[in-house]
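To start, the structure under review is shown below, and the notes come after it.
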Amino acid sequence: MPSAPSNLIYVVDDDLAVLHSTRFLFESEGHRVETFAGGQELLAAFPGPAPAFVLLDQVMPGMEGLEVYARLRDLDAHVPVVLITGHPDPSIRTRARAAGVPLVEKPLAFDALLGMLASDGAATGFIPSGLRNSPPRDFAGAAARADRPRGAP
């Protein structure tokens with residue numbers, strides 16, 4: 001009997017506002033969320049419960065997102081990853097494309113992320129073409145109830 005799909009989402013970002021807003025968004029849609037303040041904290045969670053996908057920031061102190069992605073693969077953790085960045089440098093796009101990792105610019109288009117989950121897009125690595133063009137929804141103010149991420153000071 002196949003197991004039920006995971007509703008667990010990992011979010012990795014050094015920006016607490018991003019962590020809180022994405023936690024609020026996904027939890028309000030019925031998903032479980034674990035937040036991590038950096039790549040080392042995420043890697044320490046493996047092996048462990050398999051998330052539906054990892055939302056991973058590219059630009060973080062210590063270890064950039066694509067390096068974290070490579071280390072996940074070294075651990076044989078074949079969880080779907082979506083890379084996010086507020087600094088859409090062309091070299092980051094090229095490297096993400098070469099690694100086969102979808103790249104989404106901040107501010108995040110939350111409606112499109114939810115649509116991707118609903119259509120199982122995270123499992124296939126498919127990002128709808130409208131993801132970058134969808135208007136962002138601001139959940140930062142309503143996210144104050146979110147817990148502190150692992151590794152936060």
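The values are calculated or read from the model by the stated rules, or taken from the named source; none is laboratory data. The structure presented is a predicted model; accordingly, all values stated were derived computationally and were not measured. We place every Cβ from the backbone using ideal geometry, glycine too, and count neighbours over all the protein chains shown.
Quick notes on this one:
- Of all residues in the range 34-65, those satisfying the criterion of being in a helix (DSSP H, G or I), surrounded by fewer than 19 Cβ atoms within 10 Å (Cβ to Cβ) and of a type in the set (A, V, I, L, M, F, W, C) are Leu43, Ala44.
- Considering Thr35, Thr22, the condition of being at pLDDT below 95 and within 27 Å of Ala98 (Cα to Cα) is satisfied by Thr22 alone.
- Within the range 66-98, the residues that satisfy the criterion of being among the hydrophobic types (A, V, I, L, M, F, W, C) and surrounded by fewer than 15 Cβ atoms within 10 Å (Cβ to Cβ) are Ala70, Leu75, Ala98.
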